[in-house]
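Undergrad: Sharing a structure here in structure tokens format.
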Amino acid sequence: MAGKVFFSVSMSLDGFIAPASLGELMGRQWMELQQWIFPQRHFRENLKLGEGGEEGRDNDIVRETFERTGASVMGKNMFDAGEKMWPEEAPFHTPVFVVTHEKRDPWERPGGTVFRFVNDGIESALDQAREAAGDRDVRIAGGGATILEYLNAGLVDEFSIALSPVLFGSGIRLFEDVDASRIALEQIRSEPSPRATHLTYAVHPR
């Protein structure tokens, strides 16, 4: 049986998931937004940041998200930013399907990540990701516009937000242009931790 389609993001209390400019990625606000994940043992091991790290519910959530993901889908902007910042062994370790108008041969990285570039729309990218994922889940990795496109198209089954105790004031809002008339949510769980509040919702047609 095919798995679910989901996304999982960190979000500020005022609704932002990224700074407005790609040049501000890895800046102060971005680091504050993601501060819950950086110390986690599984995150550090996955990115080869060294031994050690925190264990607990935050770490479990990072590990569970990684283990459920059989393939990922992302937009061209996220890929362009990541291509410059990811280590040689990209942190996905699965097939990744990049929605783009650019034609490009697959890009294989050490550790099992293979980026494939899809030129015929979000549904084609998702179909290919589902096939690659098998019975595991497909993660819509980002960025915000790509997540919203899948959500508005009714192609997302579930999503999780790590609500970080930080305010952005401006940037990319997750739900800026959401088609609320078509989307109903069911809260599955809410888990507070010392670093973030983890919210998970099932998505249903309204």
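Undergrad: Does segment 72-111 hold any residues that are among the aliphatic types (A, V, I, L, M) and exposed (fewer than 12 other Cβ atoms within 10 Å of the Cβ), and which are they?
TA: Within segment 72-111, just M85 meets the criteria.
Residue-wise test of (1) within 16 Å of the chain's Cα centre (by Cα); (2) over 28 Å from S181 (Cβ atoms); (3) modelled with pLDDT under 95.
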{"residue": "E89", "(1), (2), (3)": "no, yes, yes"}
{"residue": "P95", "(1), (2), (3)": "yes, yes, no"}
{"residue": "V98", "(1), (2), (3)": "yes, yes, no"}
{"residue": "G112", "(1), (2), (3)": "no, yes, yes"}
{"residue": "I122", "(1), (2), (3)": "yes, no, no"}
{"residue": "V138", "(1), (2), (3)": "yes, no, no"}
{"residue": "Y150", "(1), (2), (3)": "yes, no, no"}
{"residue": "A153", "(1), (2), (3)": "no, no, no"}
{"residue": "E158", "(1), (2), (3)": "yes, no, no"}
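Undergrad: Still on this model: For segment 158-193, name all the residues that are farther than 20 Å from P205 by Cβ, open to solvent by less than 80 Å² (accessible area, probe 1.4 Å) and among the aliphatic types (A, V, I, L, M).
TA: I161, A162, L163, V166, I172
Undergrad: Take the residues in segment 143-175 that are small (G, A, S) and part of a loop (DSSP other than H, G, I, E, B), then tell me which one is farthest from V96 (Cα to Cα). Give the derivation first.
TA: Just the residues of segment 143-175 that are small (G, A, S), to begin with: 143-145, 153-154, 160, 162, 164, 169-171.
With the extra rule that they be part of a loop (DSSP other than H, G, I, E, B), the set shrinks to 143, 153-154, 169-171.
Numbers: G143: 13, A153: 20, G154: 21, G169: 32, S170: 29, G171: 26 Å.
Ranking the qualifying residues of segment 143-175, first place goes to G169.
Undergrad: So which residues in segment 29-53 are touching a Phe, Trp or Tyr at 6+ places or on another chain (Cβ under 9 Å) and over 18 Å from M85 (Cβ atoms), if there are any at all?
TA: Listed by number, the residues that qualify are H42, G53.
Undergrad: Something else: Are any of the residues in segment 179-193 in contact (Cβ under 8 Å) with a residue 40 or more places away in the chain and either in a helix (DSSP H, G or I) or under 21 Å from N77 (Cα atoms) (or both)? Break it down stepwise before answering.
TA: So the first thing to find is which residues in segment 179-193 are in contact (Cβ under 8 Å) with a residue 40 or more places away in the chain, and the list is 191, 193.
Subsequent filtering for residues that are either in a helix (DSSP H, G or I) or under 21 Å from N77 (Cα atoms) (or both) retains none.
No, segment 179-193 has no match at all.
The values are calculated or read from the model by the stated rules, or taken from the named source; none is laboratory data. Note that the coordinates shown come from a computational prediction; the quantities given were computed from them, not determined experimentally. Here Cβ is always computed from backbone atoms with ideal geometry, including for glycine, and neighbour counts include all displayed protein chains. With ligands, DNA and RNA removed, areas are computed over all heavy atoms of the protein, side chains included. Shrake-Rupley method; radii C 1.70, N 1.55, O 1.52, S 1.80 Å.
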